[in-house]
Amino acid sequence: MSNYKIETKCIQSGYTPKKGEPRVLPIYQSTTFKYDTSDQMGRLFDLEDTGYFYTRLQNPTNDAVAAKICDLEGGVGAMLTSSGQAANFYAMFNICEAGGHIVASSAIYGGTYNLLGTTMKKLGIDCTFVSPEADEAELQAAIRPNTKLIFGETISNPTLEVLDIELFARVAHKNGIPLVVDNTFATPINCRPFEFGADIVVHSTTKYMDGHATQVGGCIVDSGNFDWMAHKDKFPGLTTKDESYHGIIYAEKFGKMAYITKCTTQLMRDLGSIPSPNNCFLLNLGLETLHLRMPRHCANALAVAKYLKNNEKVEWVNYPDLEGDKYHDRQLKYLPNGSCGVVTFGLKGGRDVAIKFMDNLKLAAIVTHVADSRTSVLHPASHTHRQLTDEQLKAAGVNPDLIRFSVGTENVEDIIADIEQALKAATV
């Protein structure tokens, strides 16, 4: 499908029915798949043939959706997971084992920050966090001989900082390591990180890709551009024999598909974390309208951001598409068609007023979710980051008064009217 425009790929990629087959991607709700001979099954387990034998490793519904996301991002291979967090973990653990080290932007989703800063440390993998504003010298200073990758988010959740992908990629490649980018908020509609030097892209498909808050999932996409054999001493998992698969060397046997093949046949085999075929079916329905929804999210969010910017009750507003925003120049470079539908802001009066404002919203719902068609709102200091003090919040880059407002695809006049009446009620 590589010759088609991205709008066509959203609908057509991944599944091409043959004569007499269903026009819509079917749900293959089966754990197992039948073969006629023992040898046929054995060749699958030896990775000598491709095919399906157990849904934990591969399933036709799941694979079709993975292929669609792969095509949207411009990669060579992709794997779906049961959540975005699972995708982040697999993407990094696939090339980073005990004794390894990761450099990550500090401006990332709180759950990913904890994954890197706490959980993976228990596995013997250390992490150094750097500012997303770090220059080349600062990034280089964070690299160690045992560093295996650099990680960042295209648009950080919830702080909306835009990653300088080309800079981070340049430092990564200078040191013989890949750049892994979480592209959840931007989606491939608004940014394709491979085009700026990223090597591996991850997504929480729970967000805009699904778009309707109906399934939890994740995806890993490999560009196929990183030369693992050129840095074989750094990545023994890909460049030396895997005795659990009869001594296969992934980089030699599978070439550009080495990374994603290892991720599927080794990590998914041993750790699970698969999405259900039914969830993948729902995700595919969301992907079919992604190219229609993202422009609407961005247009609505920009209108909301402009309204907030001009409201005397609002202390500050962050939205990369706003002229004068700290990240507007990067938005124009990396996300010229728009960034995402999330706006963050603070109200005069701080945390107490923020809570009153949220409690008075009628159209926007207070939920832990973000980035779907329904407008939603969250106050991290009271919810996802509730355990942190104000000082700890600021250290994590989250202002105590920060409101994360996920602008949906409803009529923007209704969304702004809801904000206006809630502001009046909160500041009486």
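The values are calculated or read from the model by the stated rules, or taken from the named source; none is laboratory data. These figures come from a predicted structure and were not determined experimentally. Note that we place each Cβ from the backbone using ideal geometry, even for glycine, and neighbour counts take in every protein chain shown. Calculation scope for accessible area: heavy atoms of the full protein, side chains included, ligands and nucleic acids excluded. Shrake-Rupley method; radii C 1.70, N 1.55, O 1.52, S 1.80 Å.
When the residues D63, D227, D36 are ordered by accessible surface, computed with a 1.4 Å probe over the protein chains alone, the sequence from largest down reads D36, D227, D63. Carbon-plus-sulfur accessible fraction, the chain (probe radius 1.4 Å, protein heavy atoms only): 50%. Rounded, prolate or oblate: pick one for the stretch 103-174, where a ≥ b ≥ c are the square roots of the eigenvalues of its C-alpha gyration tensor, a/c under 1.5 means rounded, and failing that, prolate if a/b is larger than b/c, else oblate. Taking the square roots of the gyration eigenvalues as a ≥ b ≥ c, the stretch 103-174 is oblate.
Remark: the stretch 290-424 carries a charge dipole of roughly 180 debye about the Cα centre, counting +1 on each Lys and Arg Cβ and -1 on each Asp and Glu Cβ. In the context of the full protein assembly, C70 retains an accessible surface of approximately 10 Å², using a probe radius of 1.4 Å and ignoring ligands and nucleic acids. With protein chains left intact and a 1.4 Å probe, residues in the chain average 42 Å² of accessible area per residue. For the chain, a simple Cβ point-charge model (Lys and Arg +1, Asp and Glu -1, everything else neutral) yields a dipole of about 480 debye relative to the Cα centre. Accessible area of W316 (1.4 Å probe, protein heavy atoms only, ligands and nucleic acids ignored): about 50 Å². Counting only alpha carbon atoms, the long axis of helix 412-426 and the longest principal axis of the chain meet at about 60°.
Distance between the 7 Å Cα→Cβ label points at T50 and A230: 2.5 nm.
Between I102, T159, H212, the Cα set farthest toward the positive side of the dipole of the chain (charges on each charged residue's Cβ, about the Cα centre) is that of H212.
Sequence-ordered 3J(HN,Hα) estimates for the stretch 173-188 from the Karplus curve with 6.51, -1.76 and 1.60 and θ = phi - 60° stand at 5, 4, 9, x, 10, x, 9, 10, 10, 7, 10, 4, 5, 7, 6, x Hz, glycine and proline given as x. For the set Y307, Y245, Y28, solvent exposure ranked by accessible area (probe 1.4 Å, protein chains only) runs largest to smallest as Y28, Y307, Y245.
Say the dipole of the stretch 1-138 comes from +1 at the beta carbon of Lys and Arg and -1 at that of Asp and Glu; which of I125, G14, I69 then lies farthest toward its positive end? Farthest towards the positive end: G14. Remark: accessible surface ordering of T8, T32, T206 (largest first) is T32, T8, T206, probe radius 1.4 Å. Computed as a quarter of the hull surface, the mean projected area of the alpha carbon convex hull for the stretch 290-424 stands at 7.9 nm². Principal axis extents of the Cα atoms in the stretch 204-361, from largest to smallest and rounded to whole angstrom, are 67, 36, 33.
In a fully extended conformation the segment linking Q40 and T289 would gain 85.7 nm over its present Cα-Cα distance, using 0.36 nm per residue. In whole percents, the pair-distance distribution calculated for the stretch 4-276 from its alpha-carbon pairs, binned every 10 Å from zero, is 7, 30, 37, 20, 6, 1.
Stretching the chain fully between V428 and S30 yields a gain of 137.5 nm (0.36 nm per residue, less the alpha carbon separation).
Proximity of backbone amide H atoms, modeled 1.01 Å from N, is registered between N318 and T344, F345 at under 5 Å, excluding neighbours fewer than 5 places apart on the same chain.
Expressed to the nearest 5 percent, the antiparallel share of DSSP beta bridges inside the stretch 4-276 is 45 percent. For the stretch 342-353, backbone phi angles converted through the Karplus equation (6.51, -1.76, 1.60; θ = phi - 60°) give residue-by-residue couplings of 9, 10, 10, 7, x, 9, 5, x, x, 4, 4, 5 Hz, Gly and Pro being listed as x.
Here the sum of -39500 (n - 2.57) over DSSP H runs of 4 or more residues, divided by the residues of the chain, equals -9500 deg cm²/dmol at 222 nm, to the nearest 500.
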